[in-house]
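The values are calculated or read from the model by the stated rules, or taken from the named source; none is laboratory data. This is a predicted model, so every value here is computed, not measured. Don't worry about glycine lacking a Cβ; one is built from the backbone with ideal geometry, like all the others, and counts go over all protein chains shown.
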Amino acid sequence: MSKLWGGRFTKETNKLVEEYTASIAYDQRLAFEDIEGSLAHVQMLGECGILPKEDAEKIKEGLEKIAEKIKNGEVEFSVDNEDIHMNIEKMLIDEIGPVGGKLHTGRSRNDQVATDMHLYVRKTTKEMISLITHVQEALLVQAKANTETMMPGYTHLQRAQPVLFAHHLLAYFWMLERDKERFADSLKRTDWLPLGAGALAGTTFPIDRERTRELLGFGRIYPNSLDAVSDRDFVLEFLANASILMAHISRLSEEMVIWSSQEFQFIELDDSFCTGSSIMPQKKNPDVPELLRGKTGRVFGHLLGLLTVLKGLPLAYNKDMQEDKEGIFDTADTLEGALKLLALMIETMKVNKEKMFKAVSNDYSNATDIADYLAKKGLPFREAHAVIGQIVLYAIQNDKFLLDLTLDEYKRFSPLFEKDIFEVLKPEHVVKARNSTGGTGHEQVAAQLVMAEKQLENG
Ligand code: ARG
């Protein structure tokens with residue numbers, strides 16, 4: 001079959017080469033972006049008198065028909081035409097005749113594909129922002145239901161100080177808020193339009209790049225045609241933002257796996273989010289958070305993959321750049337699934353408040369508060385810390401928790417201890433007392449919830 005670019009060639013393309021170099025199998029995902037870009041281009045060509053108005057009109061109608069056919073699943077793409085751009089151009093010529101061949105005037109596939117990618121990344125970034133918001137909403141609902149729920153807070157995965165479960169969940173809310181902000185910020189740079197850069201050097205036709213910019217709703221045009229067709233920073237940025245987001249999703253997933261283990265039993269994931277074992281009938285496996293954690297690897301991989309593809313490329317377009325697509329498509333699909341599942345999983349999980357409370361009541365995570373108690377009575381904190389170290393050791397050796405010791409026992413370590421130490425050591429008090437801004441104290445968490453809600457409203 002003759003190629004759109006076949007004129008210079010004396011031989012047919014080797015079949016294996018054709019299959020190996022074709023991108024149609026995956027870039028057909030850009031069909032509507034491709035048509036959108038072409039519609040703006042041809043409109044501009046008509047307005048500038050580069051094409052007769054009737055020709056531009058015919059081409060537009062042809063493109064719209066093709067879009068309709070694609071929507072209805074009536075077209076078949078073919079590797080004979082390599083990629084989405086040439087598939088659509090070929091369809092156009094089949095649809096409206098040789099006049100379809102005028103669409104590519106003053107344009108190259110190089111500025112065309114870059115434009116398609118910009119349109120795709122812009123759309124997908126907005127979708128991600130809205131999906132992240134759903135997860136934040138789910139976190140907020142659970143946080144509101146758990147403003148009294150106490151759990152051990154950890155460092156080094158060792159019990160450290162008790163916190164409110166709401167506080168723990170809200171930590172993820174703010175992480176996701178930064179993820180959203182990063183995606184939103186990247187839109188500034190995705191908002192540059194490469195169309196009109198031609199193959200690399202511009203074009204001899206008197207095109208109006210500002211007009212296509214306006215038609216496609218971009219903020220500005222690339223000032224340099226070489227940069228316009230070589231730039232994939234906006235794809236990298238999407239992948240980088242996706243990677244950071246996935247790292248957050250993975251951390252929360254890991255916590256959900258730990259919390260739902262027999263050892264912790266802090267939460268129970270809904271049955272509809274777990275699977276059983278083919279051999280061990282008692283098992284309820286947290287497959288979904290495990291897989292979210294696992295899928296993080298491929299997203300990081302796509303970022304590193306594209307960084308590596310781009311790092312040694314001379315200007316301007318090189319075929320290597322076709323490798324920008326599968327990674328970002330897979331990343332978008334992975335994230336979409338992850339964010340939807342995560343929101344549902346958070347909404348439907350059961351929080352085992354009693355288990356969490358039992359955990360904070362049976363540990364030494366109130367030790368810091370004894371140190372603070374003595375420090376408030378004038379003992380330098382360092383000295384207080386040493387005294388409490390001895391108390392904790394004494395308690396452990398006598399198989400007691402700090403609330404089980406008697407006042408006499410306390411007084412043996414320091415005369416500063418009074419009866420009120422037993423009030424100070426209760427988990428409720430330990431949490432409530434951390435009333436510094438952004439702390440886990442009830443008042444602070446209530447204020448944080450208000451802030452989080454406002455953030456979503458203004459989102
Ligand atoms: N399929 C190509 C890509 O995705 C389109 C651009 C091709 N340009 C070229 N000069 N071969 O990168």
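Condition check ((1) buried (at least 18 other Cβ atoms within 10 Å of the Cβ); (2) within 31 Å of the chain's Cα centre (by Cα)) across all residues:
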{"residue": "23", "(1), (2)": "yes, yes"}
{"residue": "32", "(1), (2)": "no, yes"}
{"residue": "35", "(1), (2)": "yes, yes"}
{"residue": "41", "(1), (2)": "yes, no"}
{"residue": "65", "(1), (2)": "no, no"}
{"residue": "69", "(1), (2)": "no, no"}
{"residue": "74", "(1), (2)": "no, no"}
{"residue": "92", "(1), (2)": "yes, no"}
Q: Output the residue which, of all residues in region 233-273 that are buried (at least 20 other Cβ atoms within 10 Å of the Cβ) and assigned to a loop (DSSP other than H, G, I, E, B), is nearest to the chain's Cα centre (by Cα).
A: 269
Q) Only one of these conditions is not met by residue 8: (1) of a type outside the set (A, V, I, L, M); (2) more than 41 Å from the chain's Cα centre (by Cα); (3) within 13 Å of the ligand (Cβ to nearest atom). Which number is it? A) (3)
(Q) For region 355-457, give me every one of the helices (runs of 4 or more DSSP H) that falls completely inside it and has 3 or more residues that are surrounded by 20 or more Cβ atoms within 10 Å (Cβ to Cβ) and over 38 Å from the mean Cα position of the chain (by Cα). (A) 367-376, 381-397
Q | Qualifying positions in region 98-108 - free of Cβ contacts under 8 Å to residues at least 60 places away in the same chain and within 16 Å of the ligand (Cβ to nearest atom) | A | 104
Q. In region 57-80, what residues are of a type outside the set (Asp, Glu) and touching an Asp or Glu at 6+ places or on another chain (Cβ under 8 Å)?
A. 62, 65, 66, 79
Q. Looking at 337, 301, 327, 312, which one is in contact with a helix residue (DSSP H, G or I) (Cβ under 6 Å, 6 or more places away or on another chain) and either under 27 Å from residue 24 (Cβ atoms) or within 16 Å of the ligand (Cβ to nearest atom) (or both)?
A. 327
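Here is a yes/no grid of residues against (1) touching a residue at least 12 places away in the same chain (Cβ under 8 Å); (2) more than 16 Å from the ligand (Cβ to nearest atom); (3) assigned by TED's automatic domain parsing to the domain that holds residue 329:
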| position | (1), (2), (3) |
| --- | --- |
| 43 | yes, yes, no |
| 53 | no, yes, no |
| 58 | yes, yes, no |
| 71 | no, yes, no |
| 76 | no, yes, no |
| 89 | yes, no, no |
| 96 | yes, yes, no |
| 123 | yes, yes, yes |
| 129 | yes, yes, yes |
Q) Name the pairs: first residue in region 306-328 and free of Cβ contacts under 8 Å to residues at least 12 places away in the same chain and assigned by TED's automatic domain parsing to the domain that holds residue 230, second residue within 9 Å of the ligand (Cβ to nearest atom) and not polar (S, T, N, Q), Cβ to Cβ under 9 Å, at least 6 apart or on different chains? A) 312/320
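So that you can scan it fast, the table gives a plain yes or no per residue for (1) touching a Lys or Arg at 6+ places or on another chain (Cβ under 9 Å); (2) assigned by TED's automatic domain parsing to the domain that holds residue 144; (3) modelled with pLDDT under 95; (4) not acidic (Asp, Glu):
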residue	(1), (2), (3), (4)
164	no, yes, no, yes
168	no, yes, no, yes
174	no, yes, no, yes
182	no, yes, no, yes
185	no, yes, no, no
189	no, yes, no, yes
195	yes, yes, no, yes
198	yes, yes, no, yes
